[in-house]
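Everything on this sheet refers to the single structure shown next.
The values are calculated or read from the model by the stated rules, or taken from the named source; none is laboratory data. Keep in mind that this is a model prediction, so the values were computed, not measured. All Cβ positions, glycine included, derive from the backbone under ideal geometry; neighbour counts span all protein chains shown. Note: areas computed on protein heavy atoms with side chains; ligands, DNA, RNA excluded. Shrake-Rupley method; radii C 1.70, N 1.55, O 1.52, S 1.80 Å.
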Amino acid sequence: MGTMTTRIFVPRDSTALALGADEVAAAIAEEAARRQLDIDIVRNGTRGLLWLEPLVEVETAAGRIGFGEVAEEDVGALFDAGFHLGETNHHASLGLVEEIPYLKQQQRLTFARTGITDPLSLADYEAHGGYEGLRRALTMDAGTIVDTVIESGLRGRGGAAFPTGIKWKTVSNVQAQQKYVVCNADEGDSGTFADRIVMEGDPFVLIEGMTIAAIAVGASKGYIYVRSEYPHAIATLNLAIASAYEKGYLGADILGSGKHFDLEVRKGGGAYICGEETALLESIEGKRGVVRAKPPLPAIEGLFGQPTVINNVISLASVPVILAKGAAFYKDFGMGRSRGTLAIQLAGNIKHGGLIEIAFGVTLREILYDFGGGSASGRPIKAVQVGGPLGAYLPESEWDTPLDYEAYAALWAVLGHGGIVVHDDSADMAKLARYAMEFCAIESCGKCTPCRIGSTRGVETIDKIVANQDRAQQIVLLRDLCDLMFSGSLCAMGGMTPYPVLSALNHFPQDFGHVPDDEGTA
């Protein structure tokens, strides 16, 4: 064989698959065979530039050259244009992928490997710094690992923003025969996909993060609770876990250290409430997903009544880089009490939707225009919902606030899991407010009255406001109801539903058919 084998990357991420990546990969293989060209197709994860999928990359001496939105029928013309030789004269050519501004402006720590490696290749993972964090953790005592995570400033990326290391410390301080590490991968928020991209694109980083957590707190068993709507993530995780066992990264004697950690995937049953940590525990135990009253905290009495670390996918996937490069390295990114990077997921009515990993402190305006390129419809952007279906709607006057947990709390808004859903000026905010109440009514576990009944009454009240039935009085009633749900609900399901409702009412009163003369506060 005189010629070098050309490596061509075609993503196996759900988004790329939905847009025909399997067909594109098959067409490339066929066309190469027909032309007797020596190529090797690697099915990588996504780079997160979802508007360009399927994004095909060709390895060259200069770096990886990208070709965007490749369809099966483009493949012949791509070969004719010499794309496999790194030629860039086809209209789908994007030049060097690393130089695409959307990617170049990011700070990839947690997502350093996604889109670059073969997600199921342990050798690839190790070659790109994988398992350095675990190897370092095994040289430290458990308390030092916990202190490193506290020092890094990492906070829960699932939305609650509770300091990860403090949670671990609580679990490590409890004496128990059995402790657990649970990963919350029930990514149910609208417009979020960062957890899925980790699980499909770099599963070993999650496995490594969970293993480090287990060693830090003295847990020997772990569960990844994945929503049933993620079949590709579940399959990828199961294959990666099997590889990790085979190579001694999981099981009875991790890398000869005498430490023991077993890990398995549990499939969720399709309920939004199971993303709430205590309902998730009930679900793993085989019960109906109903929220538990706290105390006791899961850290003290969690899964099967034992001390349990529960963290979101991104929180756990951020741990390996912290252990590998040190707390100071990670802490150096961000602002105030929000350290490190945030996985922003840009969706809705936006030209360039996708995953953006960047240090805290960037503004929504920069995300919408520098990254997102404005609305997909070309109409002015009106409202942006940040932090999932229970997040507030932000009007343009608030788009220059830096993305930071405390700065958002001051606006009566939340960063949540970093999901950003964009609406243009054709959006009806009263309808969106009604949807939030209806969503709460449908997804409530039913345990507490403010959430179960409050959301049902909320839908009725908004209907009366829009129909102008005693509008002023009904608005007072709606605010009162939101106050009750906010203060009286057992968990964030009912407690956060007022955020989208009140933000819509406060910032876009014209959509409710009234001129504001009774402006209350959120």
Checklist entry - Looking at region 387-410, which of its residues are touching a strand residue (DSSP E or B) at 6+ places or on another chain (Cβ under 8 Å) and either without any contact (Cβ under 8 Å) to a residue 40 or more places away in the chain or among the small types (Gly, Ala, Ser) (or both)? => result Gly387, Gly388, Gly391, Ala392, Glu396, Trp399, Asp400, Thr401, Tyr408
Checklist entry - Is there a residue being of a type in the set (D, E, K, R) and in contact (Cβ under 8 Å) with a residue 12 or more places away in the chain anywhere in region 296-307? => result no
Checklist entry - Do we have any residue at all in region 107-125 that's over 24 Å from Leu49 (Cα atoms), open to solvent by 50 Å² or more (accessible area, probe 1.4 Å) and either in contact (Cβ under 8 Å) with a residue 40 or more places away in the chain or of a type in the set (A, V, I, L, M, F, W, C) (or both)? => result yes
Item to check | Members of region 211-230 that are of a type outside the set (Asp, Glu) and not in a helix (DSSP H, G or I) | outcome: Gly218, Ala219, Ser220, Lys221, Gly222, Tyr223, Ile224, Tyr225, Val226, Arg227, Ser228, Tyr230
Next on the checklist: When you scan region 24-35, do you find a residue that is over 33 Å from the mean Cα position of the chain (by Cα), over 21 Å from Gly201 (Cα atoms) and crowded, with 16+ Cβ neighbours inside 10 Å, even just one?
Outcome noted: yes
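Here is a yes/no grid of residues against (1) out of contact with any helix residue (DSSP H, G or I) (no Cβ under 9 Å at 6 or more places or on another chain); (2) within 25 Å of Glu99 (Cβ to Cβ); (3) free of Cβ contacts under 8 Å to residues at least 60 places away in the same chain; (4) surrounded by fewer than 24 Cβ atoms within 10 Å (Cβ to Cβ):
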position	(1), (2), (3), (4)
Ala324	no, no, no, yes
Glu366	yes, yes, yes, yes
Tyr369	yes, yes, yes, yes
Arg379	yes, no, yes, yes
Gln385	no, no, no, no
Val414	no, no, no, yes
Item to check | Within region 142-159, considering residues that are among the β-branched types (Val, Ile, Thr) and closer than 19 Å to Cys183 by Cα, the one most open to solvent (accessible area, probe 1.4 Å) | outcome: Ile150
Checklist entry - Any residue at all in region 432-447 that is part of a loop (DSSP other than H, G, I, E, B), open to solvent by 10 Å² or more (accessible area, probe 1.4 Å), of a type in the set (A, V, I, L, M) and at pLDDT 95 or above? => result no
Item to check | Test: residue in region 445-466 that is within 24 Å of the chain's Cα centre (by Cα) and in contact (Cβ under 8 Å) with a residue 60 or more places away in the chain | outcome: yes
Checklist entry - Only one of these conditions is not met by Ala77: (1) of a type outside the set (Ser, Thr, Tyr); (2) in a loop (DSSP other than H, G, I, E, B); (3) touching a His at 6+ places or on another chain (Cβ under 9 Å); (4) surrounded by fewer than 18 Cβ atoms within 10 Å (Cβ to Cβ). Which number is it? => result (2)
Checklist entry - Exactly one of (1) part of a helix (DSSP H, G or I); (2) closer than 26 Å to Cys448 by Cβ; (3) open to solvent by 60 Å² or more (accessible area, probe 1.4 Å); (4) hydrophobic (A, V, I, L, M, F, W, C) is unmet by Ile465. Its number? => result (3)
Checklist entry - Out of (1) within 22 Å of the chain's Cα centre (by Cα); (2) open to solvent by 10 Å² or more (accessible area, probe 1.4 Å); (3) at positive phi, the odd one out for Met335 is which? => result (3)
Item to check | Subset of region 417-431 [open to solvent by 60 Å² or more (accessible area, probe 1.4 Å) and either in a helix (DSSP H, G or I) or of a type in the set (Val, Ile, Thr) (or both)] | outcome: Lys431
Checklist entry - With Ala279, Ala240, Ala233 as the choices, which residue is part of a helix (DSSP H, G or I), surrounded by 14 or more Cβ atoms within 10 Å (Cβ to Cβ) and touching a Phe, Trp or Tyr at 6+ places or on another chain (Cβ under 8 Å)? => result Ala240
Checklist entry - Of (1) out of contact with any Leu (no Cβ under 8 Å at 6 or more places or on another chain); (2) surrounded by 22 or more Cβ atoms within 10 Å (Cβ to Cβ); (3) within 28 Å of Leu297 (Cβ to Cβ), Glu200 satisfies all except one. Which? => result (3)
Checklist entry - Among the candidates Gly86, Gly66, Gly82, which residue alone is within 19 Å of Glu31 (Cα to Cα) and either basic (Lys, Arg) or touching an Asp or Glu at 6+ places or on another chain (Cβ under 8 Å) (or both)? => result Gly66
